[in-house]
Amino acid sequence: MVAPTDRKPVVIVDDVHVEYKVLATGKRATAADSSRKLMQRSRRTRSVHALKGVSFTAYENDSIGVIGSNGSGKSTLMRAISGSTPTSQGAIYAASRPSMLGVGAALIKDLSGERNIILGGLALGFTRREMEARLDDIVEFAGLREFINLPMRTYSSGMTARLKFAIATVQDHEILIVDEALAVGDRAFRRRSEARIREIRDNAGTIFLVSHSMQSIRDTCNRVIWINKGTLMMDGDPAEVIDAYQASTG
Ligand SMILES: Nc1ncnc2c1ncn2[C@@H]1O[C@H](COP(=O)(O)OP(=O)(O)O)[C@@H](O)[C@H]1O
Ligand SMILES: [Mg+2]
């Protein structure tokens with residue numbers, strides 16, 4: 001990695017641990033469970049130590065690929081950065097509120113794709129007029145021209161995911177987290193989304209991209225972190241980290 005001394009730190013992850021408490025019944029412990037009920041069940045509570053002391057600093061204009069096998073803790077790390085999963089030890093500091101791609105788009109299945117674009121935009125803080133001006137671009141980007149007046153419930157999961165990606169990225173994000181959202185489209189859609197991610201990064205954004213596509217990571221990231229069993233195995237140049245990861249998985 002180049003010495004990042006002149007770049008602004010945007011996210012600092014400092015010795016982060018995340019431990020999930022799981023009831024052995026398969027149910028997760030929720031705030032609704034009374035403490036007494038939890039105590040009675042405590043013998044059947046198991047804990048999953050999903051992150052075990054992860055530390056790194058992300059800088060402005062960083063586009064960080066996050067790789068690792070299933071269950072290694074990638075999504076947990078992303079949720080901890082976005083603030084939706086609490087850390088059980090350590091701390092995370094962010095220069096602005098990180099957004100997880102897609103969560104903002106509270107869409108309604110019975111409405112058409114077009115009406116959902118307007119709705120999703122309103123949820124992101126755009127006006128109706130601003131969204132109407134962007135409508136064509138979003139439809140084009142999502143590749144849903146012929147389907148845009150049909151209710152969203154008739155869309156395949158891939159079409160829905162493309163629509164959500166297209167809506168969520170009309171906004172420039174300072175810190176954007178994309179957790180396996182690129183796997184949803186065909187090649188052309190993947191190209192468009194990667195280009196959009198680079199554009200956000202170039203507008204002084206910081207991006208985390210979790211993906212199993214090493215090609216997407218190579219094409220969009222300047223840095224890669226490899227998480228294995230809750231620990232940070234490697235952090236650095238994409239080609240080097242990807243090679244080491246692939247060598248380890250055989
Ligand atoms: N909400 C949860 N409750 C309990 N355990 C969880 C929860 N989310 C993830 N885990 C566990 O934490 C570990 C890491 O999972 P995850 O962060 O989803 O990994 P990845 O995204 O790399 O596949 C796994 O063992 C998984 O079963
Ligand atoms: Mg995951």
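The values are calculated or read from the model by the stated rules, or taken from the named source; none is laboratory data. Because the structure is a prediction, the values reported are computed rather than measured. Neighbour counts run over all protein chains shown; Cβ positions are idealised from the backbone, glycine included. When the accessible area is computed, the model is the full protein with side chains, heavy atoms only, and any ligands, DNA or RNA have been set aside. Shrake-Rupley method; radii C 1.70, N 1.55, O 1.52, S 1.80 Å.
Is it the case that Ile108 is of a type in the set (Val, Ile, Thr), free of Cβ contacts under 8 Å to residues at least 60 places away in the same chain and assigned to a loop (DSSP other than H, G, I, E, B)? Don't jump to the end; show me each part of the working.
Numbers: of a type in the set (Val, Ile, Thr): yes; free of Cβ contacts under 8 Å to residues at least 60 places away in the same chain: yes; assigned to a loop (DSSP other than H, G, I, E, B): yes.
Taking the combined requirement at face value, the residue satisfies it.
Listed here are the residues, each with its yes/no results for (1) at pLDDT 85 or above; (2) in contact with a Ser or Thr (Cβ under 6 Å, 6 or more places away or on another chain).
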residue	(1), (2)
Val178	yes, no
Leu182	no, yes
Asp202	no, no
Val210	yes, no
Gln215	yes, no
Val224	yes, no
Leu232	yes, no
Glu240	yes, no
Ala247	yes, no
Would you check which residues across the stretch 215-230 are surrounded by fewer than 19 Cβ atoms within 10 Å (Cβ to Cβ) and within 16 Å of ligand 2 (Cβ to nearest atom) and list them? Asn228, Lys229
For the stretch 128-163, name all the residues that are more than 14 Å from Arg192 (Cα to Cα), open to solvent by less than 70 Å² (accessible area, probe 1.4 Å) and not hydrophobic (A, V, I, L, M, F, W, C). Pro151, Tyr155, Ser156, Gly158, Thr160
Taking the residues in the stretch 133-164 that are touching a Gly at 6+ places or on another chain (Cβ under 7 Å) and closer than 30 Å to Ala80 by Cβ as candidates, determine which candidate is farthest from ligand 1 (Cβ to nearest atom). Leu163
Being within 23 Å of Arg201 (Cβ to Cβ) and either touching a residue at least 24 places away in the same chain (Cβ under 8 Å) or out of contact with any strand residue (DSSP E or B) (no Cβ under 6 Å at 6 or more places or on another chain) (or both) narrows it down to one of Ala50, Ala123, Ala94, so name that one. Ala94
Are any of the residues in the stretch 188-204 exposed (fewer than 14 other Cβ atoms within 10 Å of the Cβ) and basic (Lys, Arg)? yes
Which ones in the stretch 57-70 are surrounded by fewer than 16 Cβ atoms within 10 Å (Cβ to Cβ) and touching a residue at least 12 places away in the same chain (Cβ under 8 Å)? Thr57, Ser69
Out of Ile177, Ile197, I need the residue that is out of contact with any Asp or Glu (no Cβ under 6 Å at 6 or more places or on another chain), away from ligand 1 (no atom under 16 Å from the Cβ) and hydrophobic (A, V, I, L, M, F, W, C). Which one? Ile197
Could you grab me the full set of residues in the stretch 232-247 that are surrounded by 13 or more Cβ atoms within 10 Å (Cβ to Cβ) and either of a type in the set (Gly, Ala, Ser) or outside any helix (DSSP H, G or I) (or both)? Leu232, Met233, Met234, Asp235, Gly236, Asp237, Ala244
Within the stretch 66-102, restricting attention to residues that are of a type in the set (A, V, I, L, M) and more than 22 Å from His212 (Cα to Cα), which residue is nearest to ligand 1 (Cβ to nearest atom)? Ile92
In this structure, is Asn61 away from ligand 2 (no atom under 16 Å from the Cβ), part of a loop (DSSP other than H, G, I, E, B), of a type outside the set (D, E, K, R) and under 25 Å from Ala244 (Cα atoms)? yes
